[in-house]
Amino acid sequence: MADKGWCKEAFSEGYSSGAILGPLNPEDPEARMRMFEDKRIGGSLSEFFLSGVAPLLKPHDKVLELGPGRGSWTRALASVITEGEIHTMDLQDIRPWVQDLIETAGQRLFIHQVAVNENEYAFLPDRYFDAFFSFGVLCHMDLEIIEDLLVHLRPKLKKGCVCIAQYSDWKKAVRYCMDPEAYAYNREGYEILEKDYAFELDLLRSRRWYQRLRPLWKRYILRAYPQSKVPPERSFWVKMNQKDMQKLLIRAGYEVLDIDMDYFRRDPVALFRPLH
């Protein structure tokens, strides 16, 4: 599946979710982008931040954000972290995309560009951060890479650090994308999944046990399905689920508070904290 090199290449121009906060003015390009992202993910990014993230933060907190891209979530975080610090960590140099934040946040914003092979993060102080946030990053990374990342970041987090991270639940994503309205906004990704995991999708479409017999017959008797294996260069959603993520977080040394905060129909968001 996807590794850091793939992510660096695939998101060389960064990624924007639009203006997370503020009115949904159709005349505003950033607001239109957020409206589109809301449709894609099946929920409100603004509601998630205002009711799910902001109440867990304090103005003086030190926050570590993984994969800020063009700064959509960084700007939202800056609206809450008015006295503390925000440290961003990305494979790209995000400075050209966040000049407004550099000017307004000043010494409260620390931008770290990391190399693809970086995994020690010695440039970050130990037991320093009150919160960790990531959205739209772990969903594109393989399980082993996520675990290695979280293991090496754990010493940088304070005891009781609030950790919030969106990730991939393959079955949840597929079921949402089967909805005709959702499919219209996720067509490219769904068509990739349909090609790569034809057997699995046919099983998910089967609402009754006897309907599952047909794809099982086609796979094991007729050998009609090709092997379900996706090369890294075509990774879209990593094929993992909430049980995989729960086990991963425990192995990496975290306490899982909520494996899915349940704000979005397509992707789960985990709430957890480090065990020191």
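Read the figures in this text as sums done on the coordinates, not as results from a lab. Bear in mind that the values here come from a model prediction, so they are computed numbers and not experimental data. Positions of Cβ are backbone-derived with ideal geometry, glycine not excepted, and every protein chain shown enters the neighbour counts.
Computed over the chain with a Gaussian network model linking Cα atoms closer than 10 Å, the most mobile of Trp97, Trp170, Trp209 is Trp209.
Once the dipole of the chain is set up with Lys and Arg at +1 and Asp and Glu at -1 on Cβ about the Cα centre, which of Gly43, Leu21, Leu222 lies farthest towards its positive end? Result: Leu222, furthest along the dipole toward the positive end.
Projected label points at Leu204 and Glu83, each 7 Å from Cα along the beta carbon direction, are separated by 4.6 nanometres.
Each Cα pair under 8 Å and six or more residues apart adds its separation to the average, and for the stretch 171-234 the resulting relative contact order is 27 percent.
Of all DSSP beta bridges located in the chain, what percent are antiparallel, nearest 5?
Approximately 30 percent, going by the DSSP bridge assignments.
For the stretch 13-61 versus the stretch 133-181, the spacing of their alpha-carbon centroids is 18 Å. Comparing Asp93, Asp126, Asp169, which has the greatest mean-square fluctuation in the GNM of the chain with Cα pairs linked when under 10 Å apart? Most flexible of the set in this elastic network: Asp126. Measuring nothing but alpha carbons in the chain and taking Rh as the Kirkwood radius, the Rg to Rh ratio lands at 0.99.
Per-residue ellipticity at 222 nm computed for the chain from its helices equals -10500 deg cm²/dmol, with DSSP H segments shorter than 4 residues left out and the rest contributing -39,500 (n - 2.57).
If you add up the charges near Tyr176, with Lys and Arg at +1 and Asp and Glu at -1, over every other residue whose beta carbon is less than 12 angstrom from its beta carbon, what do you get?
Neighbour charge sum, excluding Tyr176 itself: +3.
Listed cross-link partners Lys39/Lys156; Lys156/Lys247; Lys62/Lys239 are compared with a 28 Å cut-off, the Cα-Cα value being larger for Lys39/Lys156; Lys62/Lys239.
Near Val151: Cβ cut-off under 12 Å, other residues only, Lys/Arg at +1 and Asp/Glu at -1. The net charge is -1.
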